Amino acid sequence: MDAKQKYWNPVLETLPQEKIRQLQLKKFQQIFSWTHDHSKFHRQLYEQAGIKPDDIRSFDDIRQVPKVEKAMMRDIQRKDPFPYGDALCVPLEDVAVFRQTSGTTGQPVYQPDTWQDWEWWAECWSYILWAQGYRPTDRVFIPFGYNIFVAFWAGHYAAEKLGCEVVPGGVLDTKARILKIEELQATAMMGTPTYILGMAETAKSKMGMDPSKMTIERITCAGECGASIPSTKRRMEQAWGAKVYDHAGATEIGAWSFECTEQPGGMHVNEALFLVEIEDVETGEIIDEAGRRGKMIITALDRQAQPCLRFDSKDVIEWADEPCACGRTTRLIKGGIVGRADDITKVKGVLLAPSAIEEVVRDIDGLGDEYEVVVQKDGDTDRIKLRVEVLPDAEDQCQLIENELVDQLRLKTNLRYDIEICGCETLPRYEVKAKRFKDLRKKE
Ligand SMILES: [Zn+2]
């Protein structure tokens, strides 16, 4: 691959929108037919809805295809044949890779992939990395404990596919990883926003090192939406003296979106490989216009062993109205994933997305990166407690910080909070994904 080439796939990334739609329709017809013919579970689902492969002639027809939810996959996998149930579209001996979902929302779902699917995973990630400026000259460090989950395996393979030099930082602890980055002069890395910030904190407070003076130039984030929250992104970029880019993907879907080097305030959907639809949560209507939020229904157009067809991801997104300056013609989702349909909860009758709180906290100077939100009942009233950490050199400004928090939170979320300002390093630390939002009303 010529390092000067701007796009990973110059044809597919610059197709006019109408050509992209034609391609998506054609690919949807193929994957629908494949799935209908090979998965007993899907065939029954489609027969019940009275829909067959020949019925898919237009985009409107796609919208008649029944959605699949995670809970349905969980149910199928509890039944025979072991271990994937009757949604597996290939003979068991063709399955080359096992991964499972993290199980944060219930029993994990198993994910079988063939070798071809796994090559497809690496291809999805190649679009991401190339768009974020990775080139064969990069030395990529992956500070992550690779395991049974899908996280960063495909990023690793794609970086190799691009021709980068890849350093697996698997079982090392945080300090050893930081020393390795310095020793090898790594230029790029991948991680969750929580861990990227945590590493910088460890380097500064426990090792007397300044990560912004190290050689990291670009960081790819995944697993949490922080890299699309402007204040969190800014903190990461300042800490490491590097550009930070967001990416979103999921075990049962694939790596479907990415931010490019233009940092347009959103992520491209890789529309050559995925069909993304946005559904109004209340009416079920498909939203094609910009600026209206809904939940994502997604189809992986090429994945074969355990297909992902009209999967109800519960991610809340909206289309952006402006094209991106990078020249890619694929549509952007504004502000990345703005929440999960399950997480957006009503407090005192007001809809609250936890990411809005993060945006405020990380935008205030004098506060550390960690925070914790607890929602609970006090009699009949909901109360929200926000705990934040003050940095040592801002301890004399606690009152000012508290006033600013209250004002900004009221402005951004229309709610009042009880603020507790804690000392540095008193809140829990997380290695991978954080659990900073606790809704205790559900248990009460
Ligand atoms: Zn772009």
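Restricting attention to region 95-109, which residues are touching a residue at least 60 places away in the same chain (Cβ under 8 Å) and not in a loop (DSSP other than H, G, I, E, B)?
Looking only at region 95-109, we keep the residues that are touching a residue at least 60 places away in the same chain (Cβ under 8 Å), and these are 95, 99-102, 104-105, 109.
Hits for region 95-109 are 95, 99, 100.
Results for (1) closer than 30 Å to residue 63 by Cα; (2) more than 16 Å from the ligand (Cβ to nearest atom); (3) buried (at least 17 other Cβ atoms within 10 Å of the Cβ), shown as yes or no for each residue.
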site: 310; (1), (2), (3): yes, yes, yes
site: 331; (1), (2), (3): yes, no, yes
site: 336; (1), (2), (3): yes, no, yes
site: 348; (1), (2), (3): no, yes, no
site: 353; (1), (2), (3): yes, yes, yes
Out of region 246-268, which residues are open to solvent by less than 10 Å² (accessible area, probe 1.4 Å), in a loop (DSSP other than H, G, I, E, B), touching a Lys or Arg at 6+ places or on another chain (Cβ under 9 Å) and near the ligand (Cβ under 8 Å from one of its atoms)?
260
Would you pick out the residues in region 110-119 that are open to solvent by less than 20 Å² (accessible area, probe 1.4 Å) and part of a helix (DSSP H, G or I)?
117, 118
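Table: residues versus (1) more than 16 Å from the ligand (Cβ to nearest atom); (2) over 30 Å from residue 12 (Cβ atoms); (3) basic (Lys, Arg); (4) open to solvent by 30 Å² or more (accessible area, probe 1.4 Å).
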{"residue": "128", "(1), (2), (3), (4)": "no, no, no, no"}
{"residue": "134", "(1), (2), (3), (4)": "no, no, no, no"}
{"residue": "191", "(1), (2), (3), (4)": "yes, no, no, no"}
{"residue": "195", "(1), (2), (3), (4)": "yes, yes, no, no"}
Among the residues of region 312-329, write down those that are aliphatic (A, V, I, L, M) and either within 11 Å of the ligand (Cβ to nearest atom) or within 30 Å of residue 91 (Cα to Cα) (or both).
320, 325
Of all residues making up region 75-86, the number that are open to solvent by 40 Å² or more (accessible area, probe 1.4 Å), part of a helix (DSSP H, G or I) and closer than 13 Å to residue 107 by Cβ
1
So which residues in region 277-295 are crowded, with 18+ Cβ neighbours inside 10 Å, in contact (Cβ under 8 Å) with a residue 40 or more places away in the chain and under 27 Å from residue 232 (Cα atoms)?
278, 293, 295
Could you list, in sequence order, all residues of region 101-147 that are at pLDDT 95 or above, within 17 Å of the chain's Cα centre (by Cα) and among the polar types (S, T, N, Q)?
126, 132
From (1) away from the ligand (no atom under 16 Å from the Cβ); (2) in a strand (DSSP E or B), pick out the condition that doesn't hold for residue 237.
(2)
Those strands (runs of 3 or more DSSP E) completely within region 328-431 that have 2 or more residues that are under 19 Å from residue 193 (Cβ atoms) are 332-334, 367-378, 381-390
Name the pairs: first residue in region 190-209 and at pLDDT 95 or above, second residue among the hydroxyl-bearing types (Ser, Thr, Tyr) and not in a helix (DSSP H, G or I), Cβ to Cβ under 7 Å, at least 6 apart or on different chains?
190/220
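The values are calculated or read from the model by the stated rules, or taken from the named source; none is laboratory data. Please read these numbers as outputs of a predicted model, since none were measured by experiment. Here the Cβ is made from the backbone with ideal geometry for all residues, glycine too, and neighbour counts use every protein chain on show. Protein only, heavy atoms only, side chains kept; ligands, DNA and RNA dropped before computing areas. Shrake-Rupley method; radii C 1.70, N 1.55, O 1.52, S 1.80 Å.
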